[in-house]
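The values are calculated or read from the model by the stated rules, or taken from the named source; none is laboratory data. On a predicted model such as this, the values are computed, not experimentally measured, just so you know. Cβ atoms come from the backbone with ideal geometry, glycine included; neighbour counts cover every protein chain shown.
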Amino acid sequence: MLSIKNFTLRCGSQTLLEHLSLEIGPGEIVTLTGPSGCGKSTLLNWLLGHLDAAFQASGSAQLNGRSLDGLAIEARCIGILFQDDLLFAHLSVGQNLAFALPAAVKGAQRRQRVAQTLAEIGLEGFAERDPATLSGGQRARVSLMRALLAQPQALLLDEPFSRLDAALKVQFRSFVFEQIARLRIPTLLVTHDLADVPPGGRVFDIGTWQPQHV
Ligand SMILES: Nc1ncnc2c1ncn2[C@@H]1O[C@H](COP(=O)(O)OP(=O)(O)OP(=O)(O)O)[C@@H](O)[C@H]1O
């Protein structure tokens, strides 16, 4: 369970968000939408623990009963996927995946996990490939799996489907949703496209939302 309590966000004298509270259950995908500039990506940055110094934030966040307040980014166990896949260009596809594996997974076991992951996404034999040689859809899949191999306890998706063409978008979106349901990861999805909302999923629209004073 990922919970946000009483989140207020200011930038100078401007209040962007006030008293926002939200709970996301295991495997649930909550869609966060609202006008451009209303603070969606900044909320994700705050959850990750790297809020830009231009902002002042208050409120608290918990993940599976553990407070995230003051924790370093690497201690938060939160994965993120952006519209740009951000694969490391100087590493091979296999090395990109291996990068996310816990240090305790070593040697042959490490190579086997990478090979198994590539097989799961239909990319057997791609371990040595340069990421620049992959198609957009292949890169998107590698990037999602890299985020999942780190075994995140929550996932933040910042418009991860917006750059994909229509057919690929539908295919990749269902793949992402399947993985989230299978691994029961609470997920916050930022999007401008309501077609991205999973069937029956909750939508949190910052544009129409009224602050709740808790
Ligand atoms: N480093 C910064 N310094 C000052 N203002 C910033 C900084 N980063 C973002 N902002 C401003 O803060 C506001 C919130 O930005 P944010 O990126 O969170 O919006 P958003 O809702 O994600 O927008 P979009 O839907 O366009 O991606 C915007 O008005 C933006 O211009």
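Odds and ends about this structure:
- Every residue from segment 19-42 that is more than 16 Å from the ligand (Cβ to nearest atom) and either assigned to a strand (DSSP E or B) or surrounded by fewer than 19 Cβ atoms within 10 Å (Cβ to Cβ) (or both): His19, Ser21, Glu23, Ile24, Gly25, Pro26, Gly27, Ile29
- Per the listing Leu164, Leu194, Leu155, the residue uniquely of a type outside the set (Val, Ile, Thr) and within 23 Å of Ala103 (Cβ to Cβ) is Leu155.
- Test: Leu194 is aliphatic (A, V, I, L, M), within 16 Å of the ligand (Cβ to nearest atom), modelled with pLDDT of 90 or more and farther than 27 Å from Ser67 by Cα: yes
- Residues in segment 101-121 that are within 22 Å of the chain's Cα centre (by Cα) and of a type in the set (Gly, Ala, Ser): Ala103 only.
- Here Val114, Val176 are screened, and the one residue that is part of a helix (DSSP H, G or I), touching a helix residue (DSSP H, G or I) at 6+ places or on another chain (Cβ under 7 Å), over 20 Å from Gly27 (Cα atoms) and among the aliphatic types (A, V, I, L, M) is Val114.
- Test: Leu47 is within 15 Å of the ligand (Cβ to nearest atom), of a type in the set (A, V, I, L, M), assigned to a strand (DSSP E or B) and buried (at least 18 other Cβ atoms within 10 Å of the Cβ): no
- Residues that are at pLDDT below 95 and not polar (S, T, N, Q), drawn from segment 126-141: Gly136, Gly137, Arg139, Ala140, Arg141
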